[in-house]
1. Return yes or no: is G92 in a loop (DSSP other than H, G, I, E, B), modelled with pLDDT of 90 or more and closer than 23 Å to R176 by Cα?
2. Just one of the numbered conditions (1) modelled with pLDDT under 95; (2) surrounded by fewer than 20 Cβ atoms within 10 Å (Cβ to Cβ); (3) within 30 Å of K139 (Cβ to Cβ); (4) out of contact with any strand residue (DSSP E or B) (no Cβ under 9 Å at 6 or more places or on another chain) is not true of T201; which one?
3. Could you tell me how many of the residues in segment 205-227 are in contact with a strand residue (DSSP E or B) (Cβ under 7 Å, 6 or more places away or on another chain), within 23 Å of V64 (Cα to Cα) and not hydrophobic (A, V, I, L, M, F, W, C)?
4. Would you pick out the residues in segment 129-139 that are buried (at least 24 other Cβ atoms within 10 Å of the Cβ) and either more than 14 Å from the chain's Cα centre (by Cα) or among the aliphatic types (A, V, I, L, M) (or both)?
5. Whether any residue in segment 179-195 is among the polar types (S, T, N, Q) and at positive phi is what I want to check.
6. When the residues of segment 95-126 are filtered to those that are of a type in the set (A, V, I, L, M, F, W, C) and assigned to a loop (DSSP other than H, G, I, E, B), which remaining residue is nearest to Q236 (Cα to Cα)?
7. From R189, R170, which residue is under 13 Å from the mean Cα position of the chain (by Cα), at pLDDT below 95 and closer than 25 Å to S221 by Cβ?
8. Have a look at D146, D152 and point out the one that is within 12 Å of the chain's Cα centre (by Cα) and of a type in the set (D, E).
Amino acid sequence: MRGGSFMSKFCKFFFQLLKKLINFLIMRRLLTRIINRVLLSGQITAAMRGAEAEIHTEGRRKLVVGLGNPGMEGTRHSVGMAVLGALAARLGMANRWRGDSHVSGEVILTEVQHTRVVLLRPRLLMNINGVSVAKAAGKYGIKPEDVLLVHDEMDKPLGKIAIKHGGSARGHNGVRSCVDCLQTDVMLRLRVGIGRPSGKTSVERHVLSRFTSEEKKVLESVLLQSVDLLLSQLSQQDSQSAASPAGGRKDAQQRMQKEEQPEDSPAAQI
């Protein structure tokens with residue numbers, strides 16, 4: 001009887017704890033969404049007023065964003081920023097980054113194959129990166145379907161990259177913030193594998209840790225391949241950009257079934 005009573009109390013305690021944990025996660029997500037909206041409120045119009053002369057109103061425009069945490073470059077979670085740094089270097093603009101208070105980030109304005117391109121490194125925490133992305137999209141008049149997010153992906157091992165055509169955030173807080181602030185999930189993503197933690201290492205510690213010496217050797221190749229893929233995406237014809245739907249989650253999910261390249265496709269995964 002005592003054993004049964006103990007198990008009953010333990011189960012009750014466990015489910016109460018689980019309920020509190022679920023409520024905490026829901027509240028944290030809700031709080032993050034509120035912070036996104038508060039920081040974004042009234043800022044897009046101000047950003048548009050400060051639009052730079054280098055980006056004209058005519059022609060195609062693309063926004064490429066390296067998601068990450070400011071001041072934590074070199075960590076797994078900020079590998080998107082490393083890719084953007086490699087892209088800037090390939091374009092001969094490694095030293096052209098400049099702070100832009102209108103978009104809460106660092107930007108480079110350039111051109112790739114007659115496409116005007118804005119490179120953006122948000123200067124906000126990962127969970128609210130979307131605020132910076134939405135400000136930049138508003139300032140430079142760039143549609144969500146012309147935004148390309150570069151971010152880390154735990155479900156892929158280091159050395160693998162893949163293009164994803166819209167859809168859910170798949171648990172990535174930076175992508176979720178972008179979806180919330182742009183109010184659509186049609187953005188193209190370049191997912192850069194960082195692998196899952198081994199042993200008893202927590203997810204948080206894993207993503208905030210730096211790459212080992214051996215991993216950095218693999219990362220060098222990953223950065224080169226990521227830049228090649230980004231340049232290929234940026235060089236595609238206007239017709240493909242124009243054909244990209246902007247209908248939101250439902251359209252994006254339907255489109256993924258038709259457009260997303262297979263995981264084993266050389267063009268999709270390297």
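The values are calculated or read from the model by the stated rules, or taken from the named source; none is laboratory data. All of these numbers come straight from a predicted model, not from anything done at the bench. Neighbour counts run over all protein chains shown; Cβ positions are idealised from the backbone, glycine included.
1. Answer is no for this residue.
2. The single condition T201 does not satisfy is (3).
3. Total satisfying the criteria: 2.
4. Correct list: V131, V133, A134, K135, A136, A137, K139.
5. Taking every residue of segment 179-195 in turn, at least one turns out to be among the polar types (S, T, N, Q) and at positive phi.
6. W97
7. Exactly one of R189, R170 is under 13 Å from the mean Cα position of the chain (by Cα), at pLDDT below 95 and closer than 25 Å to S221 by Cβ, namely R170.
8. The match here is D152.
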